[in-house]
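**Student:** Have a look at this one.
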Amino acid sequence: METELPPHAGDALSVVDMHTGGEPLRIIRGGYPEVKGDGVLSKRRYVREHLDHLRKVLMYEPRGHYDMYGALVVDSELPEADLGVLFMHNEGYSTMCGHAVIALGRYAVDYKLVKEPRSPETQVNIHCPCGLVRAFVEYSHGRTGAVRFLSVPAFAFATGVTVTVEGFGEVTVDISYGGAFYAFVDAQRFGLDVTASRSRDLVDAATAVTSAVKSQVKLHHPTSDDLAFLYGTILTDGKDDYSSEPTANICVFAEAQVDRSPTGSGVTARVALQYHKGLIQLNQRRTFQSGATGSRFTGKAVEEVECGDFKAVVVEVAGRAFYTGVSCFVQEPDDELTHGFLLK
C-alpha cells in the first residue's frame, strides 16, 4: 500500500533506512537539491557550505537522533564508479564510512544502480570522498547478502605519541588512517572495559583523547588536505596480537557520536596499524567486535601499497547490512522545530 503524504510545503525527502552491525544508515533517495561541484570532494564542500540545513533536518530530532548517520548518493567524476557518496552525521561530513559502504553495496544492487548483477558476487565501485572503494556483494537468485570491500590505502600515521589529556594526564596513543584518521588507545589505560563499562564513561575518555590529539598533533594526508583531520578515537581491549579470537573496540567519532558497529574505516585503520607493528601478516583474517552491540566485522590486509611517503596496505573488511524501512519526510512551515535539534 502506497503511503499518502499529508499536505506540506516544499519537497518531500525520501529515504531508505538500513543498519550495519547496529549502526544506522539513512540513504537519501529523493528531494535533495542539485549538489554542485566537479568532483566528490568539491560536492562535499558544497553541501557543507550551502545545504547543511538538510543534514540537520534528516540527522537531528525529530526525524533522526544524536547518533544518526546518513549517506547522500551523488554523481562521481570517475568513469569506473557506479555511484558517488557523501557521508553525514551529527557534526558534519565524513570522508569514509565502512558500515555505510557495506549497506550501500546491497542498496546499489537492490535499487539497480548496478546494471548487471552477477553471482556469486556483484562488484560495486563506490566513490567516497577518500577515494574509490570496491565493494563485493553476495548475490544469488535475485537476493543480496553479505558484503566485503577493499579499502583505499591505509597506513599507520604515528605510533607511541604522548599527548596530555585533560583529566587523565599523559596518554600514549597510536594514530592510523583507514579512509579517516583515528587515535587508538587501550581502554584499560582509563580503567575501562570496552564491552562492560558504561557508555558514558567510554565516551568521556575517548572525547578527551580526541580533543587532545586535535590540539597537539598536526595530521597530514599525502593526497588531499581535505582528508587531514582526526575523525575520532577508538578504545580497544588491547588484544592487538594476532588471534583467532575476536578483539573488541568502540569508536567515538564526530561530536561524541558512538558507533554501534565495529566501525569499518576503524577496522581498516586498526588492521593497518597491526600490520605496521608486525602483529599480523598479509591475509591473516581477524574478527573485530563492537563493544557496544557485540556485532562483528572481519578484516585482513591483502596487499602492500604506497600512499605518498607512507608504507600502506589495502584492507578487506566484511560484514552484513539489513533494511529497516522506507520513509518520506516533510516540513511544515509553521513548525518551529522543523529544522531539527539535538539533545546531548
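The values are calculated or read from the model by the stated rules, or taken from the named source; none is laboratory data. Being a predicted model, the structure only gives us computed values, none of them experimental. Counting neighbours? That spans all protein chains shown, and the Cβs are built from the backbone with ideal geometry, glycine included. The accessibility values were calculated without ligands, DNA or RNA, using every heavy atom of the protein model including side chains. Shrake-Rupley method; radii C 1.70, N 1.55, O 1.52, S 1.80 Å.
**Student:** So which residues in the stretch 318-341 are open to solvent by less than 80 Å² (accessible area, probe 1.4 Å), in a loop (DSSP other than H, G, I, E, B) and at pLDDT below 95, if there are any at all?
**Tutor:** Result: ASP335, THR338.
**Student:** Out of (1) touching a Ser or Thr at 6+ places or on another chain (Cβ under 6 Å); (2) assigned to a helix (DSSP H, G or I); (3) among the hydroxyl-bearing types (Ser, Thr, Tyr), what's the single condition that is false for SER119?
**Tutor:** SER119 satisfies every listed condition except (2).
**Student:** If I go through the stretch 263-282 residue by residue, how many of them are part of a loop (DSSP other than H, G, I, E, B) and out of contact with any Asp or Glu (no Cβ under 9 Å at 6 or more places or on another chain)?
**Tutor:** 2
**Student:** Right, another one. Which one of these is assigned to a strand (DSSP E or B) and among the hydrophobic types (A, V, I, L, M, F, W, C): LEU78, LEU58, LEU72?
**Tutor:** Among LEU78, LEU58, LEU72, only LEU72 is assigned to a strand (DSSP E or B) and among the hydrophobic types (A, V, I, L, M, F, W, C).
**Student:** Has the stretch 86-99 got at least one residue that is assigned to a helix (DSSP H, G or I), of a type outside the set (D, E, K, R) and in contact with a helix residue (DSSP H, G or I) (Cβ under 7 Å, 6 or more places away or on another chain)?
**Tutor:** Yes, that holds for at least one residue.
**Student:** Does VAL315 count as under 29 Å from MET59 (Cβ atoms), aliphatic (A, V, I, L, M) and touching a strand residue (DSSP E or B) at 6+ places or on another chain (Cβ under 8 Å)?
**Tutor:** For VAL315, the condition - under 29 Å from MET59 (Cβ atoms), aliphatic (A, V, I, L, M) and touching a strand residue (DSSP E or B) at 6+ places or on another chain (Cβ under 8 Å) - is met.
**Student:** Here is a further query. Would you mind telling me which numbered condition in (1) touching a Gly at 6+ places or on another chain (Cβ under 8 Å); (2) over 26 Å from TYR275 (Cα atoms) LEU235 fails?
**Tutor:** All conditions pass for LEU235, except number (2).
**Student:** If you go through the stretch 272-310, how many residues are within 18 Å of the chain's Cα centre (by Cα) and either crowded, with 16+ Cβ neighbours inside 10 Å or not small (Gly, Ala, Ser) (or both)?
**Tutor:** Residues that pass the stated criteria total 15.
Matching residues to (1) touching a residue at least 40 places away in the same chain (Cβ under 8 Å); (2) open to solvent by less than 40 Å² (accessible area, probe 1.4 Å); (3) under 23 Å from CYS130 (Cβ atoms); (4) in contact with a Pro (Cβ under 9 Å, 6 or more places away or on another chain):
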position: PRO24; (1), (2), (3), (4): yes, yes, yes, no
position: ARG48; (1), (2), (3), (4): yes, no, yes, no
position: LYS56; (1), (2), (3), (4): yes, no, no, no
position: MET59; (1), (2), (3), (4): yes, yes, yes, no
position: TYR69; (1), (2), (3), (4): yes, yes, yes, yes
position: TYR93; (1), (2), (3), (4): yes, yes, yes, yes
position: MET96; (1), (2), (3), (4): yes, yes, yes, yes
position: VAL109; (1), (2), (3), (4): no, yes, yes, yes
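**Student:** LYS344 fails exactly one of the following numbered conditions: (1) more than 27 Å from GLY30 (Cα to Cα); (2) at pLDDT 95 or above. What is the number of that condition?
**Tutor:** Every listed condition holds for LYS344 apart from (2).
**Student:** Give the residues of the stretch 29-41 that are open to solvent by 30 Å² or more (accessible area, probe 1.4 Å) and assigned to a helix (DSSP H, G or I), sorted by residue number.
**Tutor:** Scanning the stretch 29-41 gives a single hit, LEU41.
**Student:** Here's another thing I want to ask about it. Has the stretch 9-17 got any residue that is part of a loop (DSSP other than H, G, I, E, B), touching a residue at least 24 places away in the same chain (Cβ under 8 Å) and of a type outside the set (Ser, Thr, Tyr)?
**Tutor:** no
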